[in-house]
Amino acid sequence: MRELGASGESLHELIRILYPINRSITGNGVRETLSILGSYVPLEIHEVPSGTQVFDWTVPLEWNVHEAWIEDPSGKRVVDFANHNLHLVSYSVPVRTKLPLSELRRHLHSIPTRPDAIPNRTSYYKEDWGFCVKDRDLREWLDGEYSVCIDTTLEAGSLTYGELFLPGKKSDEALISSHICHPALANDNLSGIVVAVALAQWLARIPDRNLSYRFLFAPGTIGAITWLARNEAHVKNILHGMVLSGVGDAGGFTYKKSRRGNAGVDRIVQHVLKNSSTNHSVVDYSPYGYDERQFCSPGFNLPVGVFSRTPFGTYPEYHTSDDNLEFVKPGSLTESAGILQEILFVMENDHTFLNLNPKCEPQLGRRGLYDQRGAGIMPMLWCLNLSDGEHSLFDIAEKAKLSFRSIETASRLLHAKGLLSKKQ
Ligand code: ZN
């Protein structure tokens, strides 16, 4: 297995490797992406045949691109998929035709207010075709007959997703999910993918993990639906879950709560963000967004929130060619990975203890614990007082308005002196 490391530069380097691959909700670009991720973490790759029924949806035909371009009346190639994979509307059906610009325009997409950006367009569930171009280029196109070539295949194949399971002592698990269906877009969502890989490598190195961890790399919407349809009996183990997306831009953090609103993950993420002195905001659940829509559908109602930086759709680079390698910052990637490690640290270490000396305070001085004066003593006093079997370390941190880290450190000291025992 290759070592990714946690440095922003190494995360950015992996984004650079994945960026040119043409991904969609199915196809060889998804396989190639997962195969690269599989060189960093032992991914299990699943292929689900086209036509498979998954709840109210059907796994679509598999889409692959050989070439796609438009030539102007003089024979000059004015758009070429080979230059940028956003040029072709994803899931475009095969086309070989000549038509006047006036008719071709119906199949062209540009952003007049952002003339140097190529938009990202898809047509997964409606048979159509189209090209995305820079508005500035489109303004130069002259009337006349244009030649269009879209050499794509839409055939019975499969939907591909990757899954990594890291077992722990408990069957309770934390789920980290990232969508992998976007072509040359860096923040949405190569950033989420590479940070997830870094977290998986970090967790894999923890000996005797308490929780189990599951990473899901699946195409948006249909991938999450497919996974849920195939794992319905198993989702009861999901104790905490996060969808990771848009974690590489320079903006502050945004956490979108699960549908439950007060699940453990919601409380833990807010606690870590509050203690991190980073710029952040927390928003309530709404049924629009990423794959939380499936995980939080009423029939599942899983404790899954969304961890991102600037919310999707609110930055002008979103779903355009400007969401590129410069838009994602190495520093932002490391910072996101660091906060997420802290969140996972809380999940992993949130034990419940019993005070073994509950009648009056134990004499801390005799045990060499009393010289921790002032603020240093408070986490210990809180730990002793609330370790009644009813409060976990996280509950204690919240009640004490202290960081989880300080409470967790105090619990280790008290445990080492025989004053606390772990509740089974
Ligand atoms: Zn997107």
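Selection of segment 48-67 for residues being open to solvent by less than 70 Å² (accessible area, probe 1.4 Å) and assigned to a loop (DSSP other than H, G, I, E, B) yields SER50, GLY51, THR52, VAL59, PRO60.
Restricting attention to segment 287-309, the residues that are open to solvent by 40 Å² or more (accessible area, probe 1.4 Å) and within 16 Å of the ligand (Cβ to nearest atom) total 2.
Taking THR226, is it more than 16 Å from the ligand (Cβ to nearest atom), among the polar types (S, T, N, Q) and in a strand (DSSP E or B)? So THR226 does not fit the description; no. Restricting to segment 143-197, name every residue that is among the small types (Gly, Ala, Ser) and open to solvent by less than 10 Å² (accessible area, probe 1.4 Å). Those that are among the small types (Gly, Ala, Ser) and open to solvent by less than 10 Å² (accessible area, probe 1.4 Å): GLY162, ALA174, SER177, SER178, ALA184, ALA186, SER191, GLY192, ALA196. Condition check for PHE327 on (1) surrounded by 22 or more Cβ atoms within 10 Å (Cβ to Cβ); (2) among the hydrophobic types (A, V, I, L, M, F, W, C); (3) closer than 30 Å to LEU88 by Cβ: one failure, at (1).
This table checks each residue for (1) in contact with a Cys (Cβ under 8 Å, 6 or more places away or on another chain); (2) among the hydroxyl-bearing types (Ser, Thr, Tyr); (3) not assigned by TED's automatic domain parsing to the domain that holds PHE131.
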{"position": "THR26", "(1), (2), (3)": "no, yes, yes"}
{"position": "LEU34", "(1), (2), (3)": "no, no, yes"}
{"position": "SER50", "(1), (2), (3)": "no, yes, yes"}
{"position": "ARG77", "(1), (2), (3)": "no, no, no"}
{"position": "LEU86", "(1), (2), (3)": "yes, no, no"}
{"position": "VAL95", "(1), (2), (3)": "yes, no, no"}
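Of the residues ILE70, ILE45, ILE21, the single one that is of a type in the set (A, V, I, L, M, F, W, C), part of a strand (DSSP E or B) and not assigned by TED's automatic domain parsing to the domain that holds LEU99 is ILE45.
Among (1) in a loop (DSSP other than H, G, I, E, B); (2) buried (at least 23 other Cβ atoms within 10 Å of the Cβ); (3) touching a residue at least 60 places away in the same chain (Cβ under 8 Å); (4) in contact with a strand residue (DSSP E or B) (Cβ under 9 Å, 6 or more places away or on another chain), which single condition is ILE268 missing? The one condition ILE268 does not meet is (1). If only residues of segment 164-200 that are in a strand (DSSP E or B) and within 16 Å of the ligand (Cβ to nearest atom) are counted, the one that is nearest to ILE238 (Cα to Cα) is SER177.
The values are calculated or read from the model by the stated rules, or taken from the named source; none is laboratory data. If you're wondering where the values come from, they're calculated on a predicted model, not measured in any experiment. Note: ideal-geometry Cβ built from the backbone for every residue, glycine included; neighbour counts use all protein chains shown. These accessible areas exclude ligands, DNA and RNA; they are computed on the full protein's heavy atoms, side chains included. Shrake-Rupley method; radii C 1.70, N 1.55, O 1.52, S 1.80 Å.
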